[in-house]
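Down below is the structure, laid out as structure tokens.
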């Protein structure tokens, strides 16, 4: 890696790409790093070349108009084993409850799910999103603009129903007062 | 990185860790890579040292019982600009104190927390459960079968520590002699 | 927050305003720690009476929306403090009950131990926050599986029916079983309030001359009632409306009205227990 400025920008690019869930467009990187888009392309090309020459197990790839880290294609057999053996093969009861909340209360934020379930649901919602059963459907208009989630087409297909209207009806849900309050508030953070 | 086999295992570890969305336990890595858990620890330590010596913008960290990639703390200003969601809101002093009691006294019931704090702990414990830092870990075998609480894996992740053993010992926080003397004096203990 | 009619004289109002009113304390230990350790005061300037006054003053401020449990905890600690203060004000020949003395020291040691514990966990909580703050400078990678592996991932919904989903919804939204209730019907409710005790004293004391505390608590069986009556006496003393005296050490506490008969009492609201 070069010295000074280039190095700082390259390191910042690595940090951002590491935490990004989606490919990051060069324009956005350029803005965040305060360099030109063409400089971003150079930096990323250099990083990708470095990883390749060092024979790393990951690559920096140009995908869907942006840059992202991904596993090296050579190592797919290991990753496949991880997918098959290292991941849960069925929904836990807790995950199913979270999915039920999203299905029946959509659009709903993660904080609202946490209030209804009484426990944090971030990891479960993330997994459900990654598996494509749940997706972002909008933003809460209130302060904080929390992401709102709903169920996907895939969810309906896998469950074998045509539409949400085919799910068994709700019945009488009588939420506790703190749940009602949380739902009405729209919910940013809740501290006690 | 050495040659041959070591290199393949290290590369496979990098690939798997790149697609994992939570810390990966060494036992699982060992199984997937077909090496011993202690070899996994060596490999990961070596990888972490390599990234550090190369001044990368990411680190391989040992957190909550497993290994994960994360951004380098130096680059927080860039990463914060990139991440829209923002950090989870801060806990109130009451919530922090309760969290400390649960962390150091677990498994512990709400009643036990209330005795230490001198105030009812139900609302605070509920908040900590919703945040996912605290969870039910069992029931008191005695009469009443009170729910017992402990800290979660998310708690360790948020603190960036590998296990509860890595928390500073509680003894570090017992007030020093000057404070105890002040308390004694405050309660008129000196003129006995 | 003012009992009685009309504006109280400025002097009285001023005498009942305390700095501690401006802060909200999470329970009695929090308050007591604050009172004792505030401003890192010189150890040798801490006075028990100052602490007791501050504590009682804060009790005055805690008038509304206090749950029973919290109020009781405050009262018990206030009573212990007042006991300690009374003992300190009146040193002398030890012809008191040894048991009583020992019990008091035990209470004080217990209070001290709980204060140290509260301070320990408060500091541990601060350390946890510092750790979390340091850790928050790094964010984890959570991108997850690349698309090409998703097809391989087991279908988490395999075998799950709409009925299962509905059952999960009902499970999570059905009201929790009611918490076990302790039946208290056989326990006589305690209905005492410092405000009422103050009103009673204000009605009885002017013109009554010297009264003993014993006489003022005559007929009271419940310990809490006596404590509350004592708090009321202290409240009036604090406001300069009564004088307290004691002819002999550990003799009867004597109470006499010295306030302006027309002065309107200000400050105590009820904390029904």
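Quick one: if the Förster radius is 35 Å, what FRET efficiency do residue C:150 and residue B:111 give, using the C-beta to C-beta distance and rounding to 0.05?
About 0.15, to the nearest 0.05.
Using the 7 Å Cα-to-Cβ label point, sort the distances from residue B:177 to its equivalents in the other copies shortest first and give them in nm to one decimal.
Taking the point 7 Å beyond Cα along Cα→Cβ, the inter-copy spacings are 5.1 nm.
Which distances in nm, rounded to one decimal and ordered from shortest, link the label point of residue B:142 to the equivalent label points in the other identical copies, with labels set 7 Å from Cα toward Cβ?
4.0
Which number do you get for Rg(Cα) / (2.2 N^0.38 Å) in the stretch B:35-135?
Compactness ratio reported: 1.49.
So the label point sits 7 Å from Cα along the Cα-to-Cβ vector; using that for residue B:107, what distances do you get to the other copies, in nanometres, sorted shortest first?
4.1
Can you show me the helix-derived [θ] at 222 nm for chain A, built from DSSP H runs with n ≥ 4 at -39,500 (n - 2.57) apiece and divided by the number of residues, rounded to the nearest 500.
Value at 222 nm, helices only: -15000 deg cm²/dmol.
If each residue's Cβ is checked for other Cβ atoms within 10 Å, how do C:166, B:72 rank with the fewest at the top?
Least to most surrounded, the residues fall as C:166, B:72.
Computed FRET efficiency, Cβ-Cβ of residue C:101 and residue B:89, R0 60 Å: what is it to the nearest 0.05?
Once the sixth-power term is evaluated, E becomes 0.75.
Between helix A:37-53 and chain A, what is the angle of the helix's C-alpha long axis to the longest principal axis, kept within 0 to 90° and rounded to the nearest 10?
80 degrees
Quick one: if the Förster radius is 56 Å, what FRET efficiency do residue A:28 and residue C:113 give, using the C-beta to C-beta distance and rounding to 0.05?
That gives a FRET efficiency of 0.50.
Can you check what the Kirkwood hydrodynamic radius comes to for chain B, Cα pairs only, in Å to one decimal?
Across chain B, the inverse of the average 1/r is 20.0 Å.
For the Cα atoms of chain B, what angle does the longest principal axis make with the long axis of helix B:4-19, in degrees from 0 to 90, nearest 10?
Taking the Cα atoms of chain B, the angle to B:4-19 is about 50 degrees.
Over the alpha-carbon set of the stretch B:112-151, divide Rg by the Kirkwood Rh and report the Rg/Rh ratio to two decimals.
Ratio of gyration radius to Kirkwood radius for the stretch B:112-151: 0.98.
Just so you know, all these numbers are worked out from the coordinates, no wet-lab data involved. Predicted model, so just to flag it, every value in this text is computed and none were measured. As a convention, Cβ positions derive from the backbone with ideal geometry for all residues, glycine included, and neighbour counts pool all protein chains shown.
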